[in-house]
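Below is one structure, written out as structure tokens, with a few remarks after it.
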Amino acid sequence: MAEITNTAVTRGVLFVHSSPRALSPHVEWAAGRALGTAVNFSWGEQPVLKGALRAEFFWEGPVGTGAQIASALRGWEHLRYEVTEDPSSHADGGRWMHTPDLGVFFAQTDSAGNTVIPEDRIRYAMEIAGSNTLELHRELRLALGQAWDDELEPFRHASEGNPVVWLHKVG
């Protein structure tokens with residue numbers, strides 16, 4: 001009789017937008033530890049920041065792997081990264097963004113990759129803003145992670161046309 005497992009599998013991408021050269025092996029080690037297997041990234045120059053490297057790494061693993069990767073990379077202040085986790089039949093997707101100036105931002109994502117703002121967060125924004133439209137805009141931009149997107153956008157464009165490596169986790 002076959003063993004039945006309830007572990008939902010998902011996939012995602014780790015975008016290391018900028019890493020100091022000396023930090024890159026440590027980033028690989030931390031991501032590999034989160035994934036439960038050694039990884040090797042294909043590093044390239046990050047043209048937006050002289051001396052920095054960038055990499056993209058596609059991964060596959062149990063639901064929650066994105067959070068494990070983001071947690072493993074948290075704390076390195078000179079690192080810019082983004083982790084995505086696709087939704088599965090058992091869980092919502094997610095996106096984690098980190099910049100040296102802003103720290104970590106997390107947002108739930110839907111099946112199309114859109115950021116989902118929970119009802120309570122919207123209600124909070126409306127309560128804080130009152131009748132001040134500009135304050136409501138500020139609160140909603142904060143809830144969407146707009147500052148993180150703004151800071152990472154130039155680094156994202158630098159990635160166009162670079163190769164990626166898929167990792168399939170078995171077991």
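The values are calculated or read from the model by the stated rules, or taken from the named source; none is laboratory data. If you're wondering where the values come from, they're calculated on a predicted model, not measured in any experiment. Ideal geometry is used to build each Cβ from the backbone, glycine not excepted, and the neighbour counts take in all protein chains shown.
Just one of the listed residues (Ala22, Ala34) is within 19 Å of His98 (Cα to Cα) and over 18 Å from the mean Cα position of the chain (by Cα), namely Ala22. Picking from residues in the stretch 55-67 that are small (Gly, Ala, Ser) and assigned to a strand (DSSP E or B), the one that is modelled with the lowest pLDDT is Gly61.
Every residue, every condition in (1) surrounded by 14 or more Cβ atoms within 10 Å (Cβ to Cβ); (2) closer than 30 Å to Asp110 by Cβ; (3) among the aromatic types (Phe, Trp, Tyr), yes or no:
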site	(1), (2), (3)
Gly12	yes, yes, no
Ser19	yes, yes, no
Arg33	yes, yes, no
Leu49	yes, no, no
Ala55	yes, yes, no
Phe58	yes, yes, yes
Thr65	yes, yes, no
Ala70	yes, yes, no
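Condition check ((1) assigned to a strand (DSSP E or B); (2) of a type in the set (Gly, Ala, Ser)) across all residues:
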{"residue": "Gly12", "(1), (2)": "yes, yes"}
{"residue": "Leu23", "(1), (2)": "no, no"}
{"residue": "Ala34", "(1), (2)": "no, yes"}
{"residue": "Lys50", "(1), (2)": "no, no"}
{"residue": "Leu53", "(1), (2)": "yes, no"}
